[in-house]
Structures are given as structure tokens and as C-alpha cells.
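Just below is one structure, and these are the notes that go with it.
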Amino acid sequence: MANPSKRLPENVPGDFYVDESCIDCDACRQIAPDVFRDHGEQSSVYQQPRTEAEVLGALKAIVACPTASIGTTRDYDARRGVEAFPERMDENVYYCGFNSESSFGAWSYLVVRPEGEGGNVLVDSPRFTRPLVKKIEALGGVRTIFLTHRDDVADHEKYARHFKAARVMHRDDNAARYGVEHVVGGEEAVRLDRDLLVIPTPGHTRGHAVLLYRDKYLFTGDHLAWSPARRALTAFRSACWYSWPVQTRSMRRLLGYRFEWVLPGHGRIHHDTASAMRRHLEDCVRWMESFG
Ligand code: SF4
């Protein structure tokens with residue numbers, strides 16, 4: 001629970017606030033940009049919600065916040081925020097909400113598919129909480145858990161056990177240590193089924209991989225994201241734990257694939273036409289190579 005006595009002074013007066021435990025993960029700003037802003041290494045409320053839609057956005061941010069840093073002094077029905085997740089992003093692709101502090105608030109996703117098409121896929125792991133688990137059960141459970149890399153695994157064990165799901169992860173990010181059932185290796189893409197392709201993208205970490213679904217949705221972990229400030233696809237140079245040149249090479253290899261959505265763990269989501277996305281990716285590769 002957020003602590004009103006630790007309310008940050010940067011919040012404007014009113015019901016909603018962020019307290020000093022904020023870790024600056026960006027989730028609230030992405031979910032409710034009319035309410036939350038970055039005031040420099042933390043978030044705060046810059047405008048109290050004025051409409052029902054903005055109130056709902058703030059309630060969703062409360063649920064998604066990995067550190068319970070957002071509070072309200074008014075007695076809103078918090079279930080509205082809880083009920084909003086998983087939230088459909090497009091077609092059968094959902095954002096799970098309930099971001100986990102252990103993955104620094106990384107976003108996780110659920111792809112809902114009939115059993116005949118291979119069943120549901122969880123991409124990285126949200127917090128294991130009863131309300132979310134029940135919603136996922138109602139959507140058909142989880143057959144496969146794809147873990148992009150070691151930083152964003154969060155409660156993967158609990159999800160795997162509860163849903164009897166098989167986890168997929170690259171061996172170079174200690175997949176064996178996590179007890180992963182399907183370990184992939186090397187840099188060749190691995191097809192899981194007709195619609196799912198694992199593409200190793202070493203760089204951010206040695207065993208990072210992304211997941212391409214139906215040549216349309218690319219789940220990118222911490223490899224690739226949209227930067228609203230630069231209006232460009234980007235990679236996190238200051239948070240590259242293994243090798244920037246290797247990550248740059250991995251980025252160039254992604255030019256061989258078609259996709260319309262970039263769905264990252266950190267950073268912003270982006271949707272565009274496949275041709276525009278390719279141009280953005282070419283620009284991103286050039287930008288990465290400019291660092292030598
Ligand atoms: S979601 Fe929570 S931790 Fe993340 S930036 Fe907002 S207040 Fe901070």
C-alpha cells in the first residue's frame with residue numbers, strides 16, 4: 001500500500017499520489033499519461049483524473065505498479081483496476097498488468113490461442129496473484145511460458161507449476177538453473193509451432209531472445225523498444241549487460257523478419273505497418289552502429 005505520509009512533493013494536490021518508494025519503471029506513465037509524469041528519476045501525479053476514463057487509468061496504474069507506490073485518499077472501487085487485466089492490446093494479445101518488482105516492473109503478455117493452435121502463451125512473468133490467475137484460468141490457462149531473459153522471469157515457477165506449463169528460455173541465460181523445460185541454444189531461430197518463432201538476440205544479456213508470433217507481434221523483452229522522445233525504435237545502451245556490439249548484430253538480424261508490433265518488457269510499445277517498422281528498425285541499427 002502506498003503511504004500518504006510519504007507522498008512525493010512533486011504530486012499536485014488531490015486524491016491520487018505517488019509515494020517515495022517509486023522505482024521509476026514507467027508503467028503508470030504508459031498506462032495513464034494524462035495523470036502521471038516523470039519528474040526526474042521518479043513519477044508523480046501532474047494532473048488529477050478529470051474523467052471516468054482517467055480515473056480508470058489511474059486505478060489500473062495502481063494495480064500495475066510493481067512497488068505499490070500509487071495511492072488514493074478517496075474510496076474508489078479498486079476492483080475496477082483489478083478487473084481491467086489482462087487488458088487486450090490487439091486481437092488475442094493481452095498485457096497482463098500486475099508488474100513484478102523483481103523484474104523492475106517489466107511488462108508481461110498473454111497470447112490467447114485455442115488448444116488446437118498450441119494453447120495460450122505467457123511472455124515473461126507478472127506477479128503471481130489470485131485475481132490475475134483466475135482471469136488467466138478463464139481465458140484458458142497457460143500452455144507455454146516464454147522467458148525473454150534472466151531479468152524478467154519474476155514468478156515464472158509459480159505460473160509453470162499452477163498451469164503445468166512448459167517454459168522456454170535460452171541456455172545462455174541460465175535456463176537450466178531455472179528448471180526450464182525447453183532450453184534453446186545458439187543463434188539460430190527455433191520454431192515452437194506454426195505461429196511461434198524464438199529468435200535469439202544476445203546482447204542485453206548473453207542469452208536474450210525475442211518471440212515472434214504470426215509474423216506480426218514481436219515480444220522483445222529488453223532488446224528493443226519504442227522511444228517516444230526520439231520517435232524511434234531504440235535499445236538501452238546504458239542497460240546493456242553483455243555486449244553492445246553483439247546486441248547491434250542481433251538487431252541487424254531482426255531485419256530478416258516481418259512484424260507490426262514491438263511489445264517490450266521495458267520501454268514503450270509501438271505499432272506500425274510492417275514497412276514502416278522495417279524503416280524504424282533500419283534506423284535503429286544505424287543508430288546503434290554509430291557508437292562503433
Ligand atoms: S508504476 Fe509505480 S514504480 Fe513505476 S513509475 Fe509509476 S509509481 Fe513508479
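Nothing in this text is a laboratory measurement; each read-out follows from the coordinates by a stated rule. Not measured: the values here are computed from a predicted model. Here Cβ is always computed from backbone atoms with ideal geometry, including for glycine, and neighbour counts include all displayed protein chains.
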*Under 22 Å Cα-Cα from Lys6, which lysines qualify once same-chain neighbours fewer than 8 residues away are excluded?*
Lys60
*If Lys and Arg each add +1 and Asp and Glu each add -1, what is the summed charge of the other residues whose beta carbon sits under 10 Å from the beta carbon of Ser100?*
-3
*asked:* Are there any chymotrypsin sites (Phe, Trp or Tyr not before Pro) in the range 260-292 that are in a DSSP loop and have at most 15 other Cβ atoms within 10 Å? List them by number.
replied: Phe291
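What does the charge count near His170 come to, summing +1 for each Lys or Arg and -1 for each Asp or Glu among other residues with Cβ under 11 Å from its Cβ? Before the final figure, lay out each step's value.
On the way: positive: Arg150, Arg171, Arg206; negative: Asp172, Asp173, Glu187.
For residues surrounding His170, the net value is 0.
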_Through the Karplus equation 6.51 cos²θ - 1.76 cosθ + 1.60, θ set to phi - 60°, convert the phi angles of the range 95-108 into ³J(HN,Hα) values in whole Hz; use x for Gly and Pro._
8, 6, x, 6, 4, 9, 5, 5, 10, 6, x, 4, 7, 10
*Note down the nm distance, to one decimal, between modelled labels 7 Å out along Cα→Cβ at Arg279 and at Thr73.*
4.9
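Just want the ordering: His271, His170, from fewest to most Cβ atoms lying within 10 Å of their own Cβ. Present the calculation step by step, with values, prior to reporting the outcome.
Working: His271 16, His170 27.
Fewest-to-most Cβ neighbours within 10 Å comes out as His271, His170.
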*Helical mean residue ellipticity (222 nm; -39500 (n - 2.57) per DSSP H run of 4+; nearest 500) of the chain*: -6500 deg cm²/dmol
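Kindly give Rg over Rh for the chain, based on alpha-carbon atoms, with the Kirkwood expression for the hydrodynamic radius.
Working: Rg = 18.8 Å, Rh = 19.4 Å.
With Rh from the inverse mean 1/r over Cα pairs, Rg/Rh is 0.97.
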_At a 10 Å Cβ-Cβ cut-off, how would you order Ser69, Ser227, Ser275, fewest neighbours first?_
Ser275, Ser227, Ser69
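Take the Cα radius of gyration of the range 2-108 and divide it by 2.2 N^0.38 Å, with N its residue count; two decimals is plenty.
Working: Rg = 12.8 Å, N = 107, 2.2 N^0.38 = 13.0 Å.
Taking N as the residue count of the range 2-108, the ratio is 0.99.
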*Taking other Cβ within 10 Å of each residue's Cβ, how do Thr129, Thr273 sort, fewest first?*
Thr273, Thr129
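Given a cut-off of under 8 Å on Cα pairs at least six residues apart, what relative contact order in percent is computed for the chain? Don't skip to the answer; put the middle values down first.
Numbers: 629 pairs, mean separation 30.0, N = 292.
This gives 10 percent for the chain.
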*Determine which aspartates and glutamates satisfy two conditions relative to Lys135: a Cα distance under 14 Å, and not lying fewer than 8 residues away in the same chain.*
Glu83, Glu87
*asked:* Let me check I've understood the local charge: for Val180, count other residues with C-beta under 14 angstrom from its C-beta, Lys and Arg +1, Asp and Glu -1. What total comes out?
replied: -1
*Pop a pseudo-label 7 angstrom from the Cα along the beta-carbon direction at both Trp241 and Ala176 and give the gap in nm to one decimal.*
1.9
